[in-house]
1. Would you mind computing, in nm to one decimal, how far apart the modelled labels at E131 and A320 are, each placed 7 Å from Cα along Cα→Cβ?
2. To the nearest 0.05, how large is the calculated FRET efficiency for E109 and N155 if R₀ is 35 Å and r is the Cβ-Cβ distance?
3. Give the long-range amide H neighbours of C37: residues separated by 5 or more places, or on another chain, with amide H under 5 Å away, using H modelled in the peptide plane at 1.01 Å from N.
4. Once you place label points 7 Å from the Cα toward the Cβ at N44 and R102, how far apart are they in nm?
5. Using the charge dipole of the stretch 122-348 (Lys, Arg: +1 at Cβ; Asp, Glu: -1 at Cβ; taken about the Cα centre), state which of L145, A330, H171 has its Cα farthest towards the positive end.
6. Name the trypsin sites (Lys or Arg not before Pro) in the stretch 111-208 that are in a loop by DSSP and that have at most 10 other C-beta atoms within 10 Å, would you?
7. Can you put F106, F144 in order, fewest other beta carbons within 10 Å first?
8. Per residue of the stretch 122-135, what does 6.51 cos²θ - 1.76 cosθ + 1.60 with θ = phi - 60° give for ³J(HN,Hα)? Whole Hz please, x for Gly and Pro, Karplus curve as stated.
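Any read-out appearing in this document is the output of simple, stated calculations on the displayed coordinates, not a laboratory observation. What you are looking at is a predicted structure, and each value in this text was computed from that prediction instead of being measured. Note: ideal-geometry Cβ built from the backbone for every residue, glycine included; neighbour counts use all protein chains shown.
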Amino acid sequence: MPASCIFLGVQVRLSKDNIFSYLEGRGLIPAGERGTCEAPGEGNINWVQRVRRPGGTSFIVKQARGSLERFPEYQAPPQRLALEAHYYEVTAGFDTEEVRPRVLDFDPEHFVLVLEDLGDASRLDDALSAEQPVAPALSRLARFLGAVHGGTRNNSELGAAFDNAQMQRLHGEHIFTLPYRENDFPLSPFVRRRAQEIWADSSLIATIDACYARFLEPRGALVHADVQPGNLLLQGPRVVLLDAEIAHIGDPAFDVGTLLAHLLLAHFANPALRVSALAGTFFEQYAAAHGADGLPDFRSAARYAGIEILRRTLGAARVAAVSRDEASLAAVELGRALTLSPPDRPEALLTLR
């Protein structure tokens with residue numbers, strides 16, 4: 001093992017000093033080759049680097065450690081990266097349009113995953129802001145999720161393989177609990193006053209708590225559990241879904257609802273965005289790929305969408321689309337309405353008040 005490696009128990013802790021020796025040992029680069037590496041973005045959960053080789057090619061290296069990279073106060077099992085790798089493996093048979101990233105290597109001993117580098121691909125939220133055509137990419141994503149959910153429904157063998165309770169709770173607390181209890185999240189005075197009213201809304205909180213209980217139930221299908229724009233990269237007609245470390249057996253409506261929420265949030269930054277049409281096509285393609293048996297009803301997905309909108313407005317992970325107070329307050333009203341009275345069809349998403 002290279003002398004520059006640092007051990008955390010039996011795990012090699014990768015750094016810029018030892019990454020090329022590590023990659024050489026895995027047979028991913030020739031002996032003696034060295035290049036450069038850089039952070040491709042803000043890694044919240046894992047240590048992530050883009051490795052550039054002398055010939056111009058590159059790939060992404062991720063390592064999961066015993067705590068979250070950006071928030072080390074949160075402990076998290078490094079096995080989450082094994083579950084991400086397994087998600088890509090299990091969903092391979094449903095991926096007819098290359099929605100999964102290409103896996104180049106997985107090291108189960110040191111929890112290192114090496115993936116293709118998508119380079120200058122656009123995040124979904126950036127594409128929406130720039131008014132780029134996203135409908136074809138969303139249709140591909142819908143068909144992939146529909147096929148995965150329909151094809152893994154009630155698969156008892158997958159339940160044990162995707163036992164991911166600690167990551168589920170860590171993720172779930174930030175969606176279903178923390179934004180609706182007293183907190184010190186950086187909200188403007190106007191938005192904080194509305195947040196305090198939300199905390200006191202017993203009917204709303206009871207509904208959110210019930211959805212959290214359903215989110216934690218180990219029944220349903222294999223869900224990705226983080227289908228949000230930061231994990232969706234568009235590269236020409238291709239869309240790639242990344243970061244499956246929260247994958248588990250659960251409610252497939254959650255994946256659908258999360259995506260719908262971020263389409264609706266984009267509407268606050270760009271009111272001309274045809275959200276209902278995009279959502280309608282997405283759900284139509286999803287349903288066709290899923291099949292009628294066990295198809296999640298649209299109301300369940302819309303309710304999860306409402307909760308995601310609320311937490312992205314009142315919680316720690318606020319989005320830029322609601323940075324203005326007026327947009328925040330409008331998003332809260334829409335999120336509350338969707339949570340308490342979810343519509344049964346996409347065209348009604350933006351008519352609730």
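1. Reported label-point gap for E131 and A320 is 1.7 nm.
2. After rounding, the FRET efficiency stands at 0.80.
3. Distant-sequence amide H within range of C37: R52.
4. 2.9
5. A330
6. The qualifying sites are R181.
7. F106, F144
8. With coefficients 6.51, -1.76 and 1.60, one gets 8, 5, 4, 5, 5, 5, 5, 5, 7, 6, 6, x, 10, 4 Hz.
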